[in-house]
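Structure first, then comments.
The values are calculated or read from the model by the stated rules, or taken from the named source; none is laboratory data. Treat the numbers as computed from the prediction; the structure is a model and nothing was measured. Every residue, glycine among them, receives a Cβ derived from its backbone with ideal geometry; neighbour counts consider all protein chains shown. Heads up: the accessible areas ignore ligands, DNA and RNA and are worked out on the full protein's heavy atoms, side chains in. Shrake-Rupley method; radii C 1.70, N 1.55, O 1.52, S 1.80 Å.
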Amino acid sequence: MLRVRKRPNSDDRLVLGRECNSRWSSGECVGLATSGFCGGQQLDDSYFGAGTYWDFEGNVLVEQTVPAGGDGAPDADFILLVTALNTQQCGGATLAYAGTCLRDDTDRPVAGNYNQCPTKLSTDPGEARKMRMVTMHEMFHAIAFASSNFAMFRNPETQEPYLPR
């Protein structure tokens, strides 16, 4: 059984953070994404909270706010966007693919995508177990089990990353 800790400070709504897409060398955010994408598909804006960034009004640096799109996803710890699109990644032997799209401020995955390549989807009853195993395998990638995510794993006692970044 897979067990994860409940999100800290959770009120049973998952509110996604808006990603900063441009920073000054001092670290301040100067460009905030107004929408989020996952696996090439746009996430519903109602999942996103407010965000702040810095911009100039005339010659004065002013903190700006992008308002919340909504109240977040009720009773959720993770949002999985599922698609069945015939994309470039569907070439060769690839049946499906998945990945993590967004993380919270503790690097915990909060949104991911799963794409089932429609030309590779089998309705043959003899292939049902294989299709279930592919789906489970890819969903594990979406919730963070991929080598590209290992550096994001943290020690639960110290909250320090296990691996250097």
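List the relative contact order of the chain as a percent without decimals, with contacts defined as Cα pairs under 8 Å and 6+ residues apart. For the chain, the relative contact order is 17 percent. In this structure the chain gives 65 Å² per residue of accessible area when probed at 1.4 Å with all protein chains present.
Amide H contacts for Gln64 (H built 1.01 Å from N in the peptide plane; partners 5 or more residues away or on another chain; cut-off under 5 Å): Tyr53, Trp54, Asp55. Taking 0.36 nm per residue of separation and subtracting the Cα-Cα distance, full extension of the segment from Phe153 to Ser22 would add 44.7 nm. Per-residue ellipticity at 222 nm, computed for the chain from helices alone with -39500 (n - 2.57) per DSSP H run of at least four residues, works out to -3000 deg cm²/dmol. Between Gly126, Tyr162, Ser22, whose Cα lies farthest towards the positive end of the dipole of the chain when Lys and Arg beta carbons carry +1 and Asp and Glu beta carbons carry -1, centred on the Cα centre? The one lying farthest along the dipole's positive direction is Gly126.
For Arg154, the residues whose modelled amide H falls within less than 5 Å of its own, excluding neighbours fewer than 5 places apart on the same chain, are Tyr162. Sequentially through region 57-65, phi angles give Karplus couplings (6.51, -1.76, 1.60; θ = phi - 60°) of 10, x, 9, 10, 7, 10, 6, 10, 10 Hz, Gly and Pro residues having no value and appearing as x.
Comparing the chain with the 2.2 N^0.38 Å rule of thumb, its C-alpha radius of gyration ratio is 1.22 (two decimals). Applying the criteria of a DSSP loop state and at most 10 other Cβ atoms within 10 Å to the GluC sites (Glu not before Pro) of region 97-165 yields Glu157. Starting from the 7 Å offset along Cα-to-Cβ, what nm value, one decimal, do you get for the label separation of Ala84 and Glu57? Taking the two extended label points, one gets 5.0 nm. Length gained on full extension, Asp71 to Lys130, computed as 0.36 nm times the residue gap minus the Cα-Cα distance: 17.4 nm. Amide H to amide H distances under 5 Å link Phe48 with Leu16, Gly69, Gly70, Gly72, where only residues 5 or more positions off or on other chains count and H is placed in the peptide plane.
Using a Gaussian network model of the chain in which every pair of alpha carbons under 10 angstrom is joined by a spring, one finds that among Pro125, Pro74, Pro109 the greatest mean-square fluctuation is at Pro125.
When the P(r) is computed for region 65-110, the part past 14 Å accounts for 67% of the Cα-Cα pairs. All other residues whose Cβ lies under 11 angstrom from that of Trp54 are scored, Lys and Arg at +1 and Asp and Glu at -1, for a net of -3. In this simple spin-label approximation, Gln42 and Ser122 carry label points 7 Å from Cα along the Cα→Cβ vector, and these lie 3.8 nm apart.
Only the Cβ atoms of Lys and Arg (+1) and of Asp and Glu (-1) were treated as charged; on that basis the dipole of region 46-165 about its Cα centre amounts to roughly 740 debye. Taking Asn59, Asn113, Asn86 as the candidate residues, the one with maximal mean-square fluctuation in a Gaussian network model of the chain, Cα springs under 10 Å, is Asn59. Counting only alpha carbon atoms, the long axis of helix 128-142 and the longest principal axis of the chain meet at about 20°. Between Glu160 and Thr94, the modelled label-to-label distance comes to 3.8 nm, taking each label 7 Å out from Cα in the direction of the beta carbon.
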